[in-house]
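The next block holds one structure in the form of structure tokens; read it before the comments.
Since every read-out is calculated from the coordinates, none of them should be taken as a lab result. Since this is a predicted model, take the numbers as computed values, not measurements. As a convention, Cβ positions derive from the backbone with ideal geometry for all residues, glycine included, and neighbour counts pool all protein chains shown.
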Amino acid sequence: MAALISVPAGRSVRRSQDSKWVDPLPEKGLIEMKLEDDLMHMWWKSRENGAVEDELIVFPGEATFSRVGQDPSGRTHILKFSSSDQKYFFWFQRASKEGDLRAAVDINELLQDPTYRPGTAALPEQPAESFPPTPGAPRLSHPEPAPAAAATSSSASTSTAAAAAPAPASTEDMARLLVEWAQSGGLASSQDEPAHLTDVLSPSNITALVTAHPGIISSIKPLLPGGLDLPENPSPQEIIPVLTAPQFTDAIASLDNALRSGGLPGGMMRELGLPESAGTGVKAFLDALKALKRPEAQGEDERMDED
Amino acid sequence: MAEDPSGWSLTESDPQVFTQLLRELGVKGLQVDDLYSLDAATLEVLKPIHALIFLFKYIGGDEGQETSGIEVDPLESGVWFANQVINNSCGTLAALNAVMNIPSQWSEHSGEEIALGSELENLRDFGAGMSAFDLGHVLSSSDRIREVHNSFARSSPFSMDPSAFPEREKEDAYHFVAYLPVNGVLYELDGLRRTPVMHAAVEHDWLVQARETIEARIATYPPGSVMFNLLAVRSAAIPRLTRLLNDPTLPAESHMQLSDQLEYENNKANKGRTENTLRQHNLLPAVFAMLKAMGETGTLVDEARVKGQDRRARKEKE
């Protein structure tokens, strides 16, 4: 079944845990929503590598999606849960701002009512506009939204008030933020911090691994419990739901935790065909795994790098 | 695995864990499901419902008002009620407080009989006349209950720091309360309270009073201060749906709807069986095999960096 809605958008993150500043990340992506087993799933998908991140299950009425009034560009939006203090920020990435409001209204309506059909709700009146909009009609122009006041609905304005910048940010502020972000070097700065194994072996990475290298299934299958109703030689499609089950994430987290808090015995590493030092921490463990790379995998690796 | 001094391990508050736990304790004819809403239409699909289990945890702010209702003596009111006397058992205890009060129901249809089973019947007989505190000790010293409960603990050969599971539910963070009717009265059974709490006389549908009571309780917490979740203890669905679908007099429009329901229940049961099987197995050898495959195929390096960045970004959002 196709997604109910797919909106080009990137993610934005708080500058620090308690910061009221929210900075856009440059990666291109999509916000998508889909009903599965009567549950509304919502996720952000990278358009660069197709990886699905931040997959959420949202119950009707549990969350709102609205524009953040404090962003003068009008493109930053917030997904806010009433059942918890979770908040997710996104910025719309269509070349034209035309349609941003429709996309925001459609996402919000789907969150309230899974049976909603995108494109059918009336668009709220924009205070900055001099003419009354025709409900549902295509918009010919999209004036710059007025700062702060132009939230998409009355409930949305209260829900965003606490979330973002304390005062309307000026264009200079936004420009400065982007420069700072660029100067922070993006990916480079994270190399001193070892990745978590749950991210290295995330469900999407497991899916990619097994799909690209179905040959490894025959070595994994005998390590799984019997009684799983798997055929003798399962296909990637058959084995992926098992390998990406939440219980695997728990097992991976426990391994990560063991490596972080005191490490694993060298004898155990030796049995795995790794040097004993691999058990001393996450970084050493990952480095030892990387050193396993077979020469014949080189060409394949280069090809993947180009993707 | 690090043993809690009580010998009871941490388990998950997953409906499929409860369903299988009850089955392994010998309970017949019941299953546990997530309940996403208390509206009449949602409840209708799941009926008959015999008990609700309300899980919640505080995430800050005021604790709200504890509860309304009247404390009653379980021995006088005929309610089976055990206190929680050890850690890590709150979910199992709430499920037992519920099922011990669900009347047995004979059925001529195979798989539709509701019964406690001999294990729990013996415990109930043994504990007749005991105080809630003593019953808590009887349950916690039952080898069989502890063994079944622990078989659903997260399997890991490592000493377990519960903080290793930041993104998944930890049972001990939750408070479990069962709501169900006993002899025409709606009770709240909270193992951390001294006694059962009586809420309302039940008319023809006890869920009407239960919904009002639970919604009123939720309303006493400031918005955003609690996370909660509801589980329904209901009659096993698959045997009933299978029987109804085999009935030649079933109208065609109901047939479609019931076969959808049956397919949904079968898928859920299959997924639950897979997850429960995985819970009861050491998955690390397979995890190592996948990590090694990633190393050998050269697909690990850059992913780790990208994801490290990603995780930091997520943390900042939280």
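Quick notes
- Amide H to amide H, with H built 1.01 Å from N, B:GLU71 comes under 5 Å of B:MET198, counting only residues 5 or more places away or on other chains.
- Sequence-distant contacts, meaning Cα pairs under 8 Å at least 6 residues apart, place the relative contact order of region B:15-235 at 42 percent.
- When the charge dipole of region A:5-112 is built from unit charges on Cβ atoms (+1 for Lys and Arg, -1 for Asp and Glu) and taken about the Cα centre, the candidate among A:PRO60, A:LEU30, A:MET40 whose Cα reaches farthest toward its positive end is A:LEU30.
- Couplings for region B:27-40, taken from phi via the Karplus curve 6.51 cos²θ - 1.76 cosθ + 1.60 with θ = phi - 60°, read 5, 10, x, 10, 9, 10, 9, 5, 10, 8, 7, 9, 6, 4 Hz in order; Gly and Pro are left as x.
- Taking amide H as placed 1.01 Å from N in the peptide plane, A:TRP91 has its amide H under 5 Å from the amide H of A:GLY10, A:ARG11, A:SER12, A:HIS77, each at least 5 places away in sequence or on another chain.
- Violating pairs (Cα-Cα greater than 20 angstrom) within the set A:LYS28/A:LYS80; A:LYS34/A:LYS80; A:LYS28/A:LYS293; A:LYS20/A:LYS87: A:LYS28/A:LYS80; A:LYS28/A:LYS293
- Kirkwood Rh (inverse of mean 1/r, distinct Cα pairs), region A:5-112, angstrom: 14.1 Å
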